[in-house]
Protein chains: 2
Amino acid sequence: MMKKLTRTETAAYLLERDHFCILSHCRPDGDTVGSSAALCLGLRSLGKTAHVLFNEEVTERFAWLHEGLTKAQPEEGDTLVSTDVAAPGMLPQAFQPLLGKIALRIDHHGSATSFTELELVDSASASCAELVWDVLKEMGVKADPAIAEAVYVGTSTDTGCFRYANTTAHTFQTAADCAAAGARVFELNQTLFETNSLGRLKMQAWIVDHIHMLRCGSMAVCAIPRSVEEELGVTEDDMDNISSFPRTVAGVCIAATLREAKDGHVKLSVRAVPGYDAAKIAAKFGGGGHKGAAGAGIDLPIAEAEQAVEAALLEECP
Amino acid sequence: MMKKLTRTETAAYLLERDHFCILSHCRPDGDTVGSSAALCLGLRSLGKTAHVLFNEEVTERFAWLHEGLTKAQPEEGDTLVSTDVAAPGMLPQAFQPLLGKIALRIDHHGSATSFTELELVDSASASCAELVWDVLKEMGVKADPAIAEAVYVGTSTDTGCFRYANTTAHTFQTAADCAAAGARVFELNQTLFETNSLGRLKMQAWIVDHIHMLRCGSMAVCAIPRSVEEELGVTEDDMDNISSFPRTVAGVCIAATLREAKDGHVKLSVRAVPGYDAAKIAAKFGGGGHKGAAGAGIDLPIAEAEQAVEAALLEECP
């Protein structure tokens, strides 16, 4: 039977024990690395033995947070805790044999699958790091710069540096705690956010040159043929969330981006500011989503798909 | 004799009085508009009569914050308060006759010129809005969404949405208060930060296509001839802080941007991540600055200037 814990119960559970091994998820992001590092450092600051289980998928961008904290294997008697792991499938391949042995899951994914006996899950939390930070405070951990930076990385990366819709007062409060405890906020922001791959920048440059403005620039449509992605040599990482870019042109209220997949299938993504309805456009092509962001698949050659989307925009937004 | 006030003394001073007229600065930014709006709304919430003096220079971007708060002229007996005004010269032309009549200045510019009898100045504060917020709290003002949004606009715009080096724990704490009081943080961020002019995007696209990488992409140089700016039709607003852009390419540690002025004179701007020294490069051309950002003027045709800067970079950064 899975049991849901509060922050206070989680703190009590951790305080009662010693010897911890903390697990992060596959394709690790700033939140799973930051959360696991913060929890490990917090436990150590109370005199406990704690390690992060070495995750070979952690990239250079975040590996510094795990420096000096990892070990290759859990030991007999270790309490296993996962951070930011939403489902068994999110565990790295190498951690799969540990399934069923993980005692506690700390996570903020609402639609997650339970796979541990105990869990602290708060889907209202923008990041797992905020949750870990709350638990550490309950345990009486005093923040030092290392803990603060781990929490800050998790919190800031999962909110796009406080710009995403998930950002709450609690997120800002956590960031305030981190800054007060000595996190190098400016330096971290420069590295984490004020950087774009050259491939991404080339793609954005291409979009600026090929974007089609409608209705005096309040609507934008951009169709990206497969051949362009191949010529520019962009990776999937470079293309991540590219559909949000055309909406950032000043004056654009609703923007549609069409991407041609390898098989010629076209993927439509629509982004809109408040007052416009992206889902209405996507619905015209059998798709769906929210007012702010929606998508659909279109079985037409990309040039024809573009024309159909332009017609839909002009019809829906008078 | 100018007298410096604390936040508490400022709160007491404002509480003692009624009938206020609040002044913003010329070329108004989010902080002067947000600070003046927040102060006006806060005073009104305590039952006092308060207005913002109509500033015709306020642009559409921020004008909504002053809606319903302005009047055209101060009245007999009004206490005049300026927010975010660093010097007499920063007052709009239309406000100049009021010099000498402004009772209190609330500001966060350290190098400011005193021009009022009383002042609350804290140069450690990232924004004037944070200061105003502190004073309102001391006065017992309860934040409502309108006050919270005015404070949030000031705080977020003066810190580049919490990314600039001036961001402090107090800044995040203020943002937390604003979010808790109902400020639409996500919507404001989208409008204020997730937007670029088409001219700016075209300039960035040109830079991506013409940037010159040195030392395996750790250094970047970009020379922007006058003719390119004219062809693209970019404005000075579009070019604002453009020299920070080449540094944002992933992997670039130090970036030099050269811009050709109308008279052919070349302006060099260098930006560097921690560990690199921009000032050292600028000094080679008789300029100066900080390790992170420095500049110089170069009296050479832009192509020759670019070669000289590349040579300087290769020599200084082995």
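The values are calculated or read from the model by the stated rules, or taken from the named source; none is laboratory data. Because the structure is predicted, anything quoted here is derived from the model rather than measured. Positions of Cβ are backbone-derived with ideal geometry, glycine not excepted, and every protein chain shown enters the neighbour counts.
Quick notes on this structure:
- Residues (aliphatic (A, V, I, L, M), modelled with pLDDT of 95 or more and outside any helix (DSSP H, G or I)) located in region A:34-84: A:LEU46, A:ALA50, A:VAL52, A:LEU53, A:LEU69, A:ALA72, A:LEU80, A:VAL81
- Filtered by the rule that a residue be in contact with a Lys or Arg (Cβ under 9 Å, 6 or more places away or on another chain) and either among the polar types (S, T, N, Q) or part of a loop (DSSP other than H, G, I, E, B) (or both), region A:87-124 gives A:PRO92, A:ALA112, A:SER114, A:PHE115, A:THR116, A:GLU117, A:ASP122.
- Going through (1) touching a residue at least 60 places away in the same chain (Cβ under 8 Å); (2) in contact with a Leu (Cβ under 8 Å, 6 or more places away or on another chain) one by one, A:PRO88 falls short only on (1).
- Only one of B:ALA143, B:ALA205 that is of a type in the set (A, V, I, L, M, F, W, C), more than 23 Å from the chain's Cα centre (by Cα) and either more than 14 Å from chain A (Cβ to nearest Cβ) or within 18 Å of A:GLN204 (Cβ to Cβ) (or both): B:ALA205
- Residue match in region B:209-226 (condition: touching a helix residue (DSSP H, G or I) at 6+ places or on another chain (Cβ under 8 Å), buried (at least 21 other Cβ atoms within 10 Å of the Cβ), at the interface with another protein chain (Cβ under 8 Å from one of its Cβ atoms) and aliphatic (A, V, I, L, M)): no
- Number of residues in region B:170-192 that are among the aliphatic types (A, V, I, L, M), crowded, with 19+ Cβ neighbours inside 10 Å and either at positive phi or facing another protein chain (nearest Cβ under 7 Å) (or both): the value is 4.
- Region A:91-127: number of residues that are charged (D, E, K, R) and out of contact with any Leu (no Cβ under 7 Å at 6 or more places or on another chain): 3
- The residue pairs whose first member lies in region B:293-318 and is modelled with pLDDT under 95, whose second member is of a type in the set (S, T, N, Q) and surrounded by fewer than 20 Cβ atoms within 10 Å (Cβ to Cβ), and whose beta carbons are closer than 9 Å, counting only pairs six or more residues apart or on different chains, are B:ALA293/B:SER244; B:CYS317/B:SER218.
- Residue tally, condition over 22 Å from B:VAL273 (Cβ atoms), outside any helix (DSSP H, G or I) and more than 8 Å from chain B (Cβ to nearest Cβ), over region A:157-169: 2
- Only one entry of A:VAL270, A:VAL309, A:VAL252 meets the criterion of being assigned to a strand (DSSP E or B) and aliphatic (A, V, I, L, M), and that entry is A:VAL270.
- Residue check for A:THR257: more than 8 Å from chain B (Cβ to nearest Cβ), outside any loop (DSSP other than H, G, I, E, B) and touching a Phe, Trp or Tyr at 6+ places or on another chain (Cβ under 6 Å): no
- From A:LEU69, A:LEU53, A:LEU43, residue being touching a residue at least 12 places away in the same chain (Cβ under 8 Å) and under 14 Å from A:VAL135 (Cα atoms): A:LEU43
- Among (1) at pLDDT below 95; (2) more than 21 Å from the chain's Cα centre (by Cα); (3) not basic (Lys, Arg) - the single one B:VAL221 does not satisfy: (1)
Yes/no matrix, rows are residues, columns are (1) free of Cβ contacts under 8 Å to residues at least 12 places away in the same chain; (2) out of contact with any Gly (no Cβ under 6 Å at 6 or more places or on another chain); (3) over 20 Å from B:PHE245 (Cα atoms):
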position: A:LYS202; (1), (2), (3): no, yes, no
position: A:ARG215; (1), (2), (3): no, yes, yes
position: A:ALA220; (1), (2), (3): no, yes, yes
position: A:ALA261; (1), (2), (3): no, yes, yes
position: A:GLY287; (1), (2), (3): no, no, yes
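- Flag for B:SER227 being out of contact with any Phe, Trp or Tyr (no Cβ under 6 Å at 6 or more places or on another chain), among the polar types (S, T, N, Q) and under 24 Å from A:SER197 (Cβ atoms): no
- Every residue from region A:234-257 that is under 23 Å from the mean Cα position of the chain (by Cα) and buried (at least 19 other Cβ atoms within 10 Å of the Cβ): A:VAL234, A:ASP238, A:ILE242, A:SER243, A:PHE245, A:PRO246, A:ARG247, A:ALA255, A:ALA256, A:THR257
- In region B:103-120, residue surrounded by the most Cβ atoms within 10 Å (Cβ to Cβ) [restricted to those that are at pLDDT below 95 and among the β-branched types (Val, Ile, Thr)]: B:THR116
- For region A:261-306, taking the residues that are among the β-branched types (Val, Ile, Thr) and over 19 Å from A:THR248 (Cβ atoms), the one that is farthest from the other protein chains (Cβ to nearest Cβ) is identified as A:ILE298.
- Residues located in region A:137-152, provided they are assigned to a helix (DSSP H, G or I) and surrounded by fewer than 24 Cβ atoms within 10 Å (Cβ to Cβ): A:LYS137, A:GLU138, A:PRO145, A:ALA146
- Per-region count, region A:264-274, residues surrounded by fewer than 19 Cβ atoms within 10 Å (Cβ to Cβ) and within 26 Å of the chain's Cα centre (by Cα): 2
- Failed item, numbered, when A:VAL234 is tested on (1) facing chain B (nearest Cβ under 10 Å); (2) outside any helix (DSSP H, G or I); (3) out of contact with any Pro (no Cβ under 9 Å at 6 or more places or on another chain): (1)
- If only residues of region B:175-209 that are in contact with a strand residue (DSSP E or B) (Cβ under 9 Å, 6 or more places away or on another chain) and assigned to a loop (DSSP other than H, G, I, E, B) are counted, the one that is farthest from B:ASP144 (Cα to Cα) is B:SER197.
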